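Right, one structure below, let's go through it.
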């Protein structure tokens with residue numbers, strides 16, 4: 001049975017966030033046939049995505065418009081789940097399975113939040129930080145609700161400020177990194193990333209009156225049927241704050257599944273890329289968070305470099321190297337400032353759920369020395385999230401490396417997994433302008 | 001090192017674990033070694049059925065004996081073994097397969113195995129998600145499914161209660177003719193005898209052993225309680241299982257206690273790699289959808305592969321090796337390792353201790369394959 | 001369809017979506033939302049906190065907001081395990097928390 005669509009492209013970009021959009025704009029600008037795939041309903045990535053494709057920021061609107069005008073074909077609700085043969089990808093779409101044949105591939109698959117388990121973290125209304133922001137941007141009712149923000153990273157301030165603007169009452173913002181590190185980081189911003197300094201000041205201004213605590217972290221969440229209060233500590237004191245929502249995550253973790261499936265080398269937890277954003281896999285590029293957490297600006301730069309490189313315009317790519325160097329310095333400073341403290345490894349008690357899909361508590365896992373053995377006995381990591389949520393926690397808590405990656409990369413219908421025999425087909429692009437259905 | 005054991009068992013999969021439990025129960029001092037974790041081979045990637053098979057007398061004898069042992073053990077099994085007596089439903093797609101159903105019905109009935117015959121309407125009443133137009137089927141009432149890695153762990157725990165020791169992460173290079181094993185790190189562990197229970201890897205320990213890796217694919221879905229009630233197998237499974245050359249698929253689906261569906265099955269020789277292969281995976285799933293169209297809309301959350309240890313005559317290898325009376329075999333169980341692990345362990349213990357086995361041991365003895373082994377050298 | 005007319009159609013759709021209201025049912029109760037609203041948001045607007053029950057029967061709600069955690073899974077038109085944070089509402093959807 002062949003896929004319902006088999007289409008050839010010169011360049012396929014996976015991920016329609018800033019990195020993917022930038023790569024697509026540049027690649028299509030060279031006249032190549034470009035496809036951009038995204039598994040969510042709208043383009044923009046975690047940072048820009050919104051219904052009606054009308055994100056708040058002018059910059060986001062400009063880039064989206066450039067993409068729409070570029071000639072690149074956008075496929076939303078399109079989930080890449082397998083790479084059955086060289087230069088082929090299988091994707092699930094609402095219309096059926098699509099087999100894409102690509103000449104060059106740009107992986108711009110972004111990052112997800114790092115969650116560390118603590119008692120009560122599974123209660124309803126406990127969200128990630130970016131997670132709550134995404135939902136609120138999409139209309140989740142937050143006005144008048146009390147929100148505690150906790151975890152790590154500059155995202156805490158940015159999201160707290162946004163939520164407050166949407167009418168939420170921010171109870172407190174709690175950063176686990178100690179004051180020394182964060183303040184040193186802040187002090188370096190004027191020369192490291194002046195625009196970011198401005199953004200930080202703006203955030204702090206919007207959060208006037210809200211406690212922004214450094215060196216503080218949550219030790220438990222409590223409530224009946226949903227979170228009602230959070231217990232926090234600074235390592236010396238312990239106190240309780242009541243809330244309606246807890247937004248808590250400990251930084252970002254790169255989405256490495258598709259890069260690993262394609263054989264890209266991973267080093268220090270990120271996709272290894274050279275100056276041209278090339279990975280170790282032939283004709284495969286990577287841009288944005290999977291190559292190193294660095295935020296939107298770095299993603300835009302790397303996306304453009306990848307687009308230029310993939311279309312043989314290394315000269316144009318080189319012109320962006322200096323900007324990338326600066327952005328990378330910022331990204332490195334970020335990693336140092338917000339590295340996670342060891343106390344966070346012990347937040348989960350014996351009965352705290354670590355694998356949410358299969359409800360596996362910590363005490364069941366501690367008997368094992370590695371993820372593979374633990375998985376077989378407890379089924380930790382065998383649920384629909386495929387270990388994406390618990391994997392980061394287990395790596396941080398126990399040093400466990402994740403298992404081999406296999407298709408399907410994400411849960412897909414059996415129909416979709418059955419639809420292709422993986423033999424390379426090929427076909428003209430026929431009437432494939434994808435209108436964005438609501 | 002002056003340690004000494006009566007028996008060293010190489011392999012902590014279901015067969016090694018069962019042998020350990022049985023030998024330890026009989027008072028022998030047992031050491032189990034595995035280069036990986038408990039159940040990391042076929043045990044950890046298989047479907048976990050406990051079934052009585054009718055394709056030969058020897059197969060029937062071992063599977064029915066073993067299934068009885070599983071049913072006797074069931075009250076002692078912890079919840080995470082998830083041993084459910086869901087029954088097997090063999091389904092016939094046409095009249096030719098229905099003739100096979102009648103043959104099976106006769107075979108099982110004559111031997112006291114509880115079965116129920118269904119016509120087309122009956123088989124669909126038993127499994128409403130089967131497509132219309134099935135010719136009928138046979139339900140083997142007391143067959144079941146379980147979760148093998150936890151079963152293997154349970155059996156090793158049983159063995160430990162009887163002084164057995166289990167060492168994981170220890171790689172064995174050789175089984176020694178004088179008893180015991182030589183480890184990869186060069187050290188030796190002496191023992192009265194050693195047992196090759198290394199499944200798909202057993203030929204690396206016993207050169208020339210005619211065990212071939214037969215690759216299989218499986219898919220597991222999200223939770224859909226009540227979608228399937230029995231383990232369901234198409235009769236073409238038998239053709240697929242018995243082919244020695246071609247890649248083949250056969251419809252085989254299992255309900256897990258979690259409500260997830262395990263969807264199989266496929267068979268490939270000469271496919272040594274562990275990677276999921278899209279062509280045969282999609283053939284397997286298409287076959288499943290032919291029998292149960294509704295499966296198409298279920299969410300597939302994982303796919304994986306495993307290698308069954310297959311012998312030329314489809315029977316496992318149980319008993320003393322031809323090279324040395326101190327080297328024994330308990331391997332080659334292909335797709336029936338979970339079922340026949342308990343019977344294998346009893347047979348092995350009986351033969352070692354000189355007790356009369358409950359079923360004839362001849363069909364499974366290594367010696368029967370001696371002629372085949374010399375062809376391999 | 002040419003690319004130009006497709007873009008015009010897209011713009012028309014976007015304009016229409018500005019004002020269109022969609023009617024769905026959440027756990028049997030009628031809910032009206034703007035077109036393009038995510039199912040997860042509609043469920044929250046309907047006042048539900050629990051989206052699904054875990055293996056050990058704990059109430060769960062969305063965590064990651066981006067289709068990774070699978071905690072937001074609900075039943076839509078009889079089909080189980082639909083991630084509500086990635087699914088826009090459609091007219092007439094029958095949504096049940098799990």
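Values computed for the structure shown
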{"item": "Rounded tilt (10° steps) of B:57-73 against the dominant C-alpha axis of chain B", "result": "90"}
{"item": "Contour excess over end-to-end distance, with Cα ends at residue B:95 and residue B:204 and 0.36 nm allotted per residue", "result": "34.8 nm"}
{"item": "Region B:155-202-region B:53-92 distance, computed between alpha-carbon centres (Å)", "result": "28"}
{"item": "Top of B:194, B:204, B:282 by mean-square fluctuation, Gaussian network on chain B, Cα under 10 Å", "result": "B:282"}
{"item": "Tensor-based shape of chain A (alpha-carbon gyration tensor, a/c under 1.5 rounded, otherwise prolate or oblate)", "result": "prolate"}
{"item": "Rounded FRET efficiency, nearest 0.05, which uses the C-beta distance separating residue A:363 from residue B:85 and R0 of 41 Å", "result": "0.85"}
{"item": "Paired Rg and Dmax values of region A:19-133, which use every Cα atom, in angstrom", "result": "16.5, 54"}
{"item": "DSSP-defined beta bridges in the protein assembly as shown - what % are antiparallel, rounded to 5", "result": "60"}
{"item": "Spin-label pair residue A:4/residue A:349, simplified geometry with 7 Å Cα→Cβ offset, distance in nm", "result": "5.0"}
{"item": "Most to least packed among B:11-22, A:321-332, B:317-328, C:72-83 [average Cβ atoms within 10 Å]", "result": "B:11-22, B:317-328, C:72-83, A:321-332"}
{"item": "Bins of 5 Å, starting at 0 and running to the largest distance - Cα pair percent for region A:204-357", "result": "2, 7, 13, 15, 14, 12, 10, 10, 8, 5, 2, 1, 0"}
{"item": "Gap separating the Cα centres of region A:367-426 and region A:63-135, nearest whole Å", "result": "17"}
{"item": "In degrees, nearest ten, helix B:148-161 long axis to first principal axis of chain B (Cα)", "result": "30"}
{"item": "Diffusion constant of the protein assembly as shown at 4 °C, which comes from Stokes-Einstein with the Kirkwood Cα-pair radius and 1.567 mPa s, µm²/s", "result": "44"}
{"item": "Hypothetical label at residue A:166: residues of region A:211-231 whose amide nitrogen lies under 19 Å (7 Å Cα-Cβ projection)", "result": "A:227-228"}
{"item": "Packing rank of A:165-176, A:386-397, where each peptide gets the mean count of other beta carbons within 10 Å, highest leading", "result": "A:386-397, A:165-176"}
{"item": "Simple spin-label estimate for residue B:165 and residue B:25 in nanometres, 7 Å along Cα-Cβ", "result": "2.4"}
{"item": "Residue B:183/residue B:4 FRET efficiency (R0 22 Å; Cβ-Cβ; nearest 0.05)", "result": "0.90"}
{"item": "Angle between chain B longest axis and helix B:95-110 axis [Cα atoms, degrees, rounded to 10]", "result": "50"}
{"item": "Mean residue ellipticity (222 nm) of chain B, computed from DSSP H runs ≥ 4 via -39,500 (n - 2.57), nearest 500", "result": "-9500 deg cm²/dmol"}
{"item": "Net lengthening on full extension, residue A:242/residue A:283 (0.36 nm per residue, minus Cα-Cα)", "result": "9.5 nm"}
{"item": "Inter-chain Cβ neighbour average for residues C:36-45, partner chain, 10 Å", "result": "5"}
{"item": "FRET efficiency, 1/(1 + (r/R0)^6) with R0 30 Å, evaluated for residue B:72 and residue B:117 via beta carbons", "result": "0.65"}
{"item": "Measure of compaction for chain B (Cα Rg per 2.2 N^0.38 Å)", "result": "0.97"}
{"item": "Inverse of mean 1/r across different Cα pairs in region B:167-303, Kirkwood, Å", "result": "17.6"}
{"item": "Listed peptides B:96-102, A:273-279 by packing density, highest first (mean Cβ within 10 Å)", "result": "A:273-279, B:96-102"}
{"item": "Helix-only [θ]222 nm of chain A, DSSP H runs n ≥ 4, -39500 (n - 2.57) each, per residue, nearest 500", "result": "-10000 deg cm²/dmol"}
{"item": "Spin-label model distance (nm) - residue A:332 vs residue B:325, 7 Å beyond Cα toward Cβ", "result": "7.1"}
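We did not get these values from a lab; they are worked out from the coordinates using the rules stated. Just so it is clear, the model here is predicted, and its values are computed rather than measured. Methodologically, a virtual Cβ is constructed for each residue, glycine included, from the backbone with ideal geometry; neighbour enumeration extends over all protein chains shown.
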